[in-house]
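Take a look at the structure below.
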Amino acid sequence: MSKKNIALDRLLTIQNHISNQPQQTGPIDLARERENASFNVKHMNWLFWGSKEFAEALQDAFLIIQRDPELHFSGGHPFDLTRPEEREATMKQIFRYIQLKKSLKDPLLFKALGVAMGMYSESFNMKVYVNDYLMAQSFKLFGTTEQYDAYINDIVNWKIIGCFAMTELGHSSFLRGLETTATYDRETDEFIIHSPTLTATKIWIGMAGQTATHTIAICQTIIDGKKCGTNWFIVQLRDQKTGKLMPGVTAGDVGAKYGRNGIDNGWIQFSHVRIPRTNMMMKWSKVDKGGEYIPSAFPAVSYSVLIGERLSVLSGAISTCGQVLTIACRYGCVRRQGANEEQIMDYQSHYVRLMPCVASTYVISVITRMIINKWEGIMKLAQTSQEEFISYLPDIHAISSGLKAAISWWGCEVLERVRRSMGGYAYSSYNGIGGAIGDWGVVTTGGGDNFVLIQQSARYLLGSFKQVSHGKKVTGSVEFLNDIQQIRSSTKSILSDERQLLNLDFTLDMYTWLCCKKVDVLAASLDSSTEGEETTWNENQVDLIKLGELYSYRFTLSEYIKGSLWAIHLINDSLYLFLEEEYFSKEQVKMIKKCHLKLCKEIRKECIPLVDSWGFSDFMLKAPLGKYDGDVYTAYLDTLKAAPNCMGIPDYWEKYVKNF
Ligand SMILES: Cc1cc2nc3c(=O)[nH]c(=O)nc-3n(C[C@H](O)[C@H](O)[C@H](O)COP(=O)(O)OP(=O)(O)OC[C@H]3O[C@@H](n4cnc5c(N)ncnc54)[C@H](O)[C@@H]3O)c2cc1C
């Protein structure tokens, strides 16, 4: 113990003696934990956020939010706001953010402010994302240069507020089943946008409820009574000055949700709304004035904008997991419970649950930066070299679909582990966990349901496997399949020493073996079936979904250099799959379990410096139990005392209680 802590300990003992009341040990506990750091927390912070410059800009952005009453929630605790109050506050934040876009001269600081605001409010995040990304990128990826030039300035300055209308009441995952029609009228050179049935109603559309002035809507294109395929159309929904719905448009809000209530998800019905032909997005497929339809050579490109949306879930995972784990780890080291008043973080069942989550957050941060950079590079090709752009799509589509599903499911697991690790206090909205669970809930579904997406990754993997079986070489995220013959020949693990488990190349090889083995087994099962293709697929769906997960996690390991605990966690979690193939012996399983526990214990020693390195300020965390200084009980009770309607005599006393 350092001299400083010995002095603090003595001070506490004297204080306790004088006041005859035990004082909070949290500040000393966290100070002690911080002494365990074997690394420089500031440097780790730079590493985590990708660069010193960005990490510092992010800290500046946190301060800007804290100091600017237009940017932060004011007039009470954010978790006490009603839905209309949250809606208004979110719009106020966006208004201010767009003002700052013009006045903040430092582009890095403005970028950091966007990221920080997204961390501070998921509703802000989603609203800005829908307009600035989904709408703007749709113009970039689906629109012609003229269309892009005509709209982009108004979109980025929020003079046009856009929404992205894909999902319908009846269909979403099966997009070919969408019912909204865009019928070409040759006489007027217009399209007529129409919702022919109740189930054609567009639903869940972010900002369609009461805010968006325009949408890009995906519709079945009909020319001369013939369905030609789905395309995107620009439709004005509301008058830009009055907010009134345009003729033929009916729309409303979906009402109460269990998260992200600052955004107005809505429904839209079109009744024969006429738009010029040139409002069809025509970068890939086209309709000319005579009504001739020129289909896209690459139909899959219609959904490419969703690749970025899926990858953004990874950034969300860093922010959400980072914040809740900071709260849970600090609380876990402050909270004492048991015969010897142990720190609850020292219970094996506690740190074994949380430490893989901390490790995974580091891995996800590295993977996210790498894959988003890759996607940004590919997107540039859409403007310069369309064929090259298309050639990259299958692999990045498979990676983004698989990662989105695997990491968003893992995010749910992290949130639930955190919730269970904080006892009853996690149930208090003021500690931030419930809100995070509500906000996160949508990401396993939105942007493509996980069960559907992960099967697309599995399909890609099986397709690549087929190519390899026919003697072709494959590249990208499935390159490891080229060695399948060699992998096939090793049926038992050569694991003999615990030290091998700490070598990431070794653990990656084991995970690669599992992935290859499962591809092999599933491909054989699909090939040997006498049922139709769809039935066979469905009969193997559970295993295919697992395969998609294995492929995605393998990708994270292959791209990451130092992920020991996360690697062992993944192997430990998949033990039953290895055992199914008789790859490990009993002794090897014991060795893996032992190593898993040992690594969790090692990471536990530095859990506070590890979460401090993410740099979330108390203001950003909004959770008294996650306070940096460890004085959590004072902060929590102060929050309760300040909460509305929590003290005094309630109205129902007069009306009911006294009359019993
Ligand atoms: C908060 C929120 C915001 C949203 N924002 C937008 C938006 O801005 N724009 C937009 O267009 N949409 C938006 N959506 C809609 C979202 O994209 C859809 O909810 C999503 O695509 C899933 O569609 P669904 O809800 O119709 O589920 P369904 O497709 O009906 O699926 C229901 C369940 O069935 C199972 N399932 C379905 N198909 C398969 C299959 N092939 N194999 C195995 N299982 C299957 C899955 O378990 C799935 O969870 C939003 C949704 C929410 C909740």
Would you call D573 of a type in the set (D, E) and more than 16 Å from the ligand (Cβ to nearest atom)? yes
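What are the residues in segment 421-445 that are within 14 Å of the chain's Cα centre (by Cα) and either without any contact (Cβ under 8 Å) to a residue 24 or more places away in the chain or more than 16 Å from the ligand (Cβ to nearest atom) (or both), if any? I'd like the intermediate steps shown before the answer.
Pass one, segment 421-445, residues within 14 Å of the chain's Cα centre (by Cα): 436-445.
T445, the sole residue that qualifies.
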Given the conditions (1) assigned to a loop (DSSP other than H, G, I, E, B); (2) out of contact with any helix residue (DSSP H, G or I) (no Cβ under 7 Å at 6 or more places or on another chain), report the number of the one that K473 does not fulfil. (2)
Scanning segment 268-300 for residues that are assigned to a loop (DSSP other than H, G, I, E, B), surrounded by fewer than 20 Cβ atoms within 10 Å (Cβ to Cβ) and within 34 Å of the chain's Cα centre (by Cα), which turns out modelled with the highest pLDDT? P295
Leading residue by the ranking (nearest to the chain's Cα centre (by Cα)) among those in segment 520-548 that are within 13 Å of the ligand (Cβ to nearest atom) and among the aliphatic types (A, V, I, L, M): I545
Which ones in segment 211-230 are polar (S, T, N, Q) and assigned to a loop (DSSP other than H, G, I, E, B)? T211, T213
Look through segment 79-133, keep the residues that are within 16 Å of the ligand (Cβ to nearest atom) and among the acidic types (D, E), and return whichever of them is surrounded by the most Cβ atoms within 10 Å (Cβ to Cβ). E122
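Taking the conditions exactly as written (touching a residue at least 40 places away in the same chain (Cβ under 8 Å), under 27 Å from C333 (Cβ atoms) and either surrounded by fewer than 18 Cβ atoms within 10 Å (Cβ to Cβ) or charged (D, E, K, R) (or both)), does A55 satisfy them or not?
Here the answer is no, as A55 does not meet what is asked.
For segment 102-181, list the helices (runs of 4 or more DSSP H) that sit wholly inside it and hold at least 3 residues that are under 22 Å from R277 (Cα atoms) and modelled with pLDDT under 95; which are they? It would help to see each step written out before you state the result.
Working: elements: 107-120, 122-128, 136-142, 145-156.
Counting at least 3 such residues, we get 136-142.
Take T475 and tell me if it is surrounded by fewer than 22 Cβ atoms within 10 Å (Cβ to Cβ), within 16 Å of the ligand (Cβ to nearest atom) and of a type outside the set (F, W, Y).
no
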Kindly state which helices (runs of 4 or more DSSP H) lie completely within segment 542-660 and contain at least 3 residues that are among the basic types (K, R) and in contact (Cβ under 8 Å) with a residue 24 or more places away in the chain. 586-605
Residues of segment 339-354 classified as of a type in the set (S, T, Y) and touching a residue at least 60 places away in the same chain (Cβ under 8 Å), total: 1
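Restricted to segment 231-247, and to residues that are without any contact (Cβ under 8 Å) to a residue 40 or more places away in the chain and part of a loop (DSSP other than H, G, I, E, B), which residue is farthest from the chain's Cα centre (by Cα)?
P247
Among the basic types (K, R) and within 22 Å of the chain's Cα centre (by Cα): is that true of K140 in this structure?
When the stated conditions are applied, K140 does not pass them.
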Selection from segment 157-198 of residues more than 8 Å from the ligand (Cβ to nearest atom), without any contact (Cβ under 8 Å) to a residue 60 or more places away in the chain, crowded, with 18+ Cβ neighbours inside 10 Å and closer than 30 Å to F95 by Cβ yields I161, G162
Meets criteria (of a type in the set (S, T, N, Q), more than 22 Å from F142 (Cα to Cα) and in contact with a helix residue (DSSP H, G or I) (Cβ under 8 Å, 6 or more places away or on another chain)) for Q383: no
Filter result (in a loop (DSSP other than H, G, I, E, B) and within 25 Å of I545 (Cα to Cα)) within segment 487-526: S490, T491, K492, S493
Could you list all residues from segment 215-248 that are within 27 Å of K159 (Cα to Cα) and surrounded by fewer than 20 Cβ atoms within 10 Å (Cβ to Cβ)? Q236, D239, Q240, K241, T242, G243, K244, L245, M246, P247, G248
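Residues to consider are I603, I592; find the one that is hydrophobic (A, V, I, L, M, F, W, C), within 27 Å of the chain's Cα centre (by Cα) and within 27 Å of D346 (Cβ to Cβ).
I603
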Inter-residue pairs, beta-carbon under 6 Å, first in contact (Cβ under 8 Å) with a residue 24 or more places away in the chain and of a type in the set (D, E, K, R) and in segment 63-84, second surrounded by 14 or more Cβ atoms within 10 Å (Cβ to Cβ) and outside any helix (DSSP H, G or I), 6+ apart: R83/N261
Failed criterion for A212 (all others in (1) surrounded by fewer than 16 Cβ atoms within 10 Å (Cβ to Cβ); (2) within 16 Å of the ligand (Cβ to nearest atom) hold): (1)
If you scan segment 199-209, which residues turn out to be within 12 Å of the ligand (Cβ to nearest atom) and either out of contact with any strand residue (DSSP E or B) (no Cβ under 9 Å at 6 or more places or on another chain) or not β-branched (V, I, T) (or both)? K202, W204, G206, M207, A208, G209
Under 6 Å between Cβ atoms, at least 6 apart or on separate chains: pull out the pairs that start in segment 355-382 with a residue that is at positive phi and part of a helix (DSSP H, G or I) and end on any residue that is aromatic (F, W, Y) and modelled with pLDDT of 95 or more. none
Report yes if some residue within segment 65-82 is among the β-branched types (V, I, T) and part of a helix (DSSP H, G or I); otherwise report no. yes
Hits in segment 182-199 - residues which are part of a helix (DSSP H, G or I) and either within 17 Å of I234 (Cα to Cα) or of a type in the set (V, I, T) (or both): T199
If you check L462 against the conditions, is it within 16 Å of the ligand (Cβ to nearest atom), surrounded by 13 or more Cβ atoms within 10 Å (Cβ to Cβ), within 28 Å of the chain's Cα centre (by Cα) and over 30 Å from F164 (Cα atoms)? yes
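The values are calculated or read from the model by the stated rules, or taken from the named source; none is laboratory data. Bear in mind that the values here come from a model prediction, so they are computed numbers and not experimental data. Don't worry about glycine lacking a Cβ; one is built from the backbone with ideal geometry, like all the others, and counts go over all protein chains shown.
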